[in-house]
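See below for the structure under consideration.
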Amino acid sequence: MTVRTPLALAVACAATLLGHSAAQAQTSTVSVYGIVDAGIEYRTQNNAKGDGQWRLNSGGLNTSRLGFKGTEDLGGGLSAQFNLESEVVLDSGATGSAFFGRQAWVGLEDKDLGGLAFGRMSTAIYDYTLAHDFMGYAPQYSWLTATASVPATGFTSRIGNAIRYSNKFGAFKVTANAGLGEVAGSLNANTQRGVSVGYEAGALSAQLSYDDARTAATETATTSTSNRSLIASGSYKLDTVKLYGGVRATQRKPVGTVSASNPRYRSDLFWFGASAPLSQAITAFGGVYLENKHGTSSDPVMLAGKLHYNLSKRTWLYATASVARAKSDDGTQTLTGVFRDQTPVSGHQTGIGFGIQHRF
Amino acid sequence: MTVRTPLALAVACAATLLGHSAAQAQTSTVSVYGIVDAGIEYRTQNNAKGDGQWRLNSGGLNTSRLGFKGTEDLGGGLSAQFNLESEVVLDSGATGSAFFGRQAWVGLEDKDLGGLAFGRMSTAIYDYTLAHDFMGYAPQYSWLTATASVPATGFTSRIGNAIRYSNKFGAFKVTANAGLGEVAGSLNANTQRGVSVGYEAGALSAQLSYDDARTAATETATTSTSNRSLIASGSYKLDTVKLYGGVRATQRKPVGTVSASNPRYRSDLFWFGASAPLSQAITAFGGVYLENKHGTSSDPVMLAGKLHYNLSKRTWLYATASVARAKSDDGTQTLTGVFRDQTPVSGHQTGIGFGIQHRF
Amino acid sequence: MTVRTPLALAVACAATLLGHSAAQAQTSTVSVYGIVDAGIEYRTQNNAKGDGQWRLNSGGLNTSRLGFKGTEDLGGGLSAQFNLESEVVLDSGATGSAFFGRQAWVGLEDKDLGGLAFGRMSTAIYDYTLAHDFMGYAPQYSWLTATASVPATGFTSRIGNAIRYSNKFGAFKVTANAGLGEVAGSLNANTQRGVSVGYEAGALSAQLSYDDARTAATETATTSTSNRSLIASGSYKLDTVKLYGGVRATQRKPVGTVSASNPRYRSDLFWFGASAPLSQAITAFGGVYLENKHGTSSDPVMLAGKLHYNLSKRTWLYATASVARAKSDDGTQTLTGVFRDQTPVSGHQTGIGFGIQHRF
């Protein structure tokens, strides 16, 4: 049993409160947490006629969510951990297509040997790159996980049937994850694999990630694709100003014959930005995302920024703004938007929004 | 940070219990609550042959539910609030079509400026009228939110993409809500708007509410309708007896041409009733709902009552009964039932039930 | 109110922690609990070509789950209880088809009169037999709830629209449950009924259960079936070794005419096994399941075993293994597998797995 004797009184207190015997109460270490984020947004060019649209959005800054997690100290530097996390769509009350589709895993962590987890989880490439995006993967408005352009480009945020190994070596940390394909007779079809290496030293944070997600149901399916992403990114702290930047190279590579209905395409996304406190309560973030879509001269670009006004350490108001466009020298457009979860219908779009985020 | 110094010991105790460091525990102020209500019911006239039916029902008295909510004191009379609430169908274990479809919002409340919330939520007309229904919106058996007759009449209980403003002015309180239509190029299509004014003074409680829900996908769609409700209601306490009553006027108003498939109809519902303690543990509630369906002489009426037997402040047994009928002088019937969530198949119906409700 | 005076301090502590006034905190006695179980498994013969398959499984030992439960002491030996429990599929993050499909009930329990509950719940036959299965209903690998053979045989684990009565009489306990059919004009169609009697005395535990689940939508539907199960089982403790065994007789009995598309079939399953500690941390479980499918000489058999390595009282590593086969003297096979949730495609199958389970 993991609860130590000096905590006996606290446990008795907890047991009483929870209507348990003391023995049972020792097992109740789950913590309930979440983010509730909602606000109003206006986007131009939101249908084929070019009309703008007002929206009440969930998760302008970060996806609203509800989660359950816990840690048990097993002694000798070993602990057990779990996490169940659900997306909550605050404007409709809906949840994700799989309820605990954000996180659903159990694992062990040893202070020397590292951590091992099984289940559904965010990818290493997602976890390691997050801190280097000046917009923090905000739906309003970041292109880092997925560019709002046609064809869509980006990396896999989450995987199921997955195993994850993580460890730290001095200033370095490394995480590898693999998603089993669960195809009889093949260990290759339908799999996902990724590895990330991070480095933290003083003001500098840097990382390198590779991820390969195979959508194939079988190894030889002609519609199989290998979706590869490579990201190098970092941040640097100059007194109170923080700089962010990186490059994301993605490739859709068909296993079978390349054709119009089964294309190969490549894209490089460059981003850089900065954040700085404007006052004790207000912090500003801003920068640019530039995509180079190979095989076209019409490359999307988005300027994005946001302001945080902190009401406490876990509640803040925010304002967000962005402008995206793509036009080549000959006038042709790549359909481009500011919101990664919507297929754009125009070559340019502007979005502004404000909202509130509370964490519990 | 919102946790004050005199609470340091309690927080340490809580932190221990939840497996947190003290710093983390300060952020865990979410509370888990709910209602579990189930029982047995018998209804006559439950199919075309006129057969009766026994049922094991969830929520005879109030919809079973599970929720998460929290408040953070931001200082200076300002606080942050959130609520996530799910319907639970206790007889099948199912939840609502949108998991947190009952409540899913975040907001701020200032002691002078009032409260502002964003997300999915109950309408003002729903919240203000609840206390004036002697049956308390009980599925067994209240007609106030929706009359169990053909065509169905009632008001919108919940809206998504919504903004709500509330405030108090002495004995008065006011709430306004608006649901954004999210139709590009229009701020009018598909919207919902409502406003309620309440008054509380000693034994008297009164309110006036208006709500207009537009189902249209576009402003000019010929199938668009505007569903309007106006309710005036109140309650008055005479020593231990409480009186309840009101009138609900509803109208379905097509935007396009009125036709057989796109009808306009109007209805007025009058209700009055009373509640009184029969003993220290038992309270009786009873009264009548009378609907005037415009354009027909066959107007539905329902007598309904219930008994509460309190086992504690949060657990009670209950019995419910009602009789509904509608027949005109010339013998034609309006299909009428006792259960608002079921389309009636007869001109009259009787229901009885008993169950248990527990709140946590 | 149920909270007693000696607990006032504990309640104040809890109230502070939960951000409640003391009065509110007294109502917050819900406890959050669960099982997170995941691991890797390899199964032979997993498609028509005979290929084996690696899998990342949720719930190798026990179904992963998240639950909410509470008890309120009503005084005089009476208490109110509720339970909401969801299946969690850890490898995808999904939940069951009905979110709280495992448990969703409210009830009362009196120390003399017994307990009465309403809602959706596990059947008595499921609850009483569980402790007598040496594999503890483990998906990897127990046949007790359902044999992995064609046609599938087993008993009903859970029912909705249900009422349950339970009581204890000395060394005996009894539970009866009934699921209402909710068919207008009939109290017989679509119903489920079960009763179990248990006996506990020293090292001996024994029980007898009967269950009849009728799938018919109406009493006279020709496709109606009555699915009956009778189980006698027990366990006996010999010092540190525990023995388990029993017999499960199941029958599919059509109400209408028996035909190829509406068959009648019967099956008897015999099982016996043992568990023993191998060290302070390791416990071994193993045994055999033998099915006699009436009308065929090709009867399925499965050898199954598992090892628990306890890291604490609520976290353990496990390894599981099993071999299943069915072949008659003339060489014909009954399709037979090791995993009850998968229709087998071969006459024999082998499975091995390892994983981690954590309870909170």
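At a glance:
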read-out	value
Exceeding the 24 Å Cα-Cα cut-off - candidates B:173/B:313; A:49/B:253; A:69/A:111; A:69/C:69	B:173/B:313; A:49/B:253
Extreme residue, positive dipole direction of the protein assembly as shown, given options C:255, B:135, A:312 (C-beta unit charges)	C:255
Zero-based 10 Å bins, Cα pair distances in the range C:232-282, whole percents	20, 28, 20, 16, 11, 4
Distance cut-off 17 Å, percentage of C-alpha pairs in the range C:126-257 lying past it	63
Built amide H within the under 5 Å cut-off of residue A:225, gap 5+	A:215, A:216, A:255
For residue A:103, residues with placed amide H under 5 Å, excluding near neighbours	A:85
Shielding by partners - mean other protein chain Cβ count within 10 Å, residues of A:148-161	1
Sites residue A:116 and residue C:313, calculated FRET efficiency, Cβ-Cβ separation with R0 22 Å, nearest 0.05	0.55
Dipole magnitude of the protein assembly as shown, debye to nearest 20 (Cβ charges: Lys/Arg +1, Asp/Glu -1, about Cα centre)	140
Karplus 3J(HN,Hα) series, Hz, for the range C:266-281 with 6.51 cos²θ - 1.76 cosθ + 1.60 (x for Gly, Pro)	10, 8, 10, 10, 10, 9, 8, x, 8, 10, 7, x, 8, 7, 4, 9
Inter-chain shielding of A:179-187 (mean C-beta neighbours from other protein chains, 10 Å cut-off)	6
√(5λ) per eigenvalue of the Cα gyration tensor, the range A:115-162, largest first, Å	23, 14, 7
Normalised alpha carbon radius of gyration of the protein assembly as shown [divisor 2.2 N^0.38 Å]	0.99
Highest average packing first - A:292-304, B:166-178, Cβ atoms within 10 Å	A:292-304, B:166-178
D (Stokes-Einstein, µm²/s), Kirkwood Cα radius, chain C, 1.306 mPa s at 10 °C	71
Rounded tilt (10° steps) of A:8-18 against the dominant C-alpha axis of chain A	60
Between the range B:50-102 and the range B:232-304, the Cα center-to-center distance that results, in Å	24
Peptide-level mean, for B:196-208, of C-beta atoms on other protein chains within 10 Å	0
Between the range C:128-158 and the range B:148-200, the Cα center-to-center distance that results, in Å	52
Residue (of C:337, C:47, B:270) at the positive-pole extreme of the protein assembly as shown, dipole from beta-carbon charges	C:47
Where the Cα pairs of the range C:270-360 fall when distances are cut into 5 Å bins, in %	3, 13, 19, 19, 16, 12, 8, 6, 3, 1, 0
From phi via Karplus (6.51, -1.76, 1.60), per-residue ³J(HN,Hα) for the range B:236-250 in Hz, x at Gly/Pro	9, 9, 10, 6, 8, 8, 10, 9, 9, x, x, 9, 10, 9, 10
Stretchable slack from residue B:169 to residue B:237, in nm (0.36 nm times residue separation minus alpha-carbon distance)	22.2 nm
Under Karplus coefficients 6.51, -1.76 and 1.60, residue-wise ³J(HN,Hα) of the range C:41-53 in Hz, glycine/proline x	9, 10, 10, 7, 6, 9, 8, 5, 7, x, 6, x, 8
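Read-outs throughout are calculated quantities, based only on the coordinates presented, and are distinct from any laboratory measurement. Just so we're clear, the structure is a prediction, and the values are computed from it rather than from any experiment. All Cβ positions, glycine included, derive from the backbone under ideal geometry; neighbour counts span all protein chains shown.
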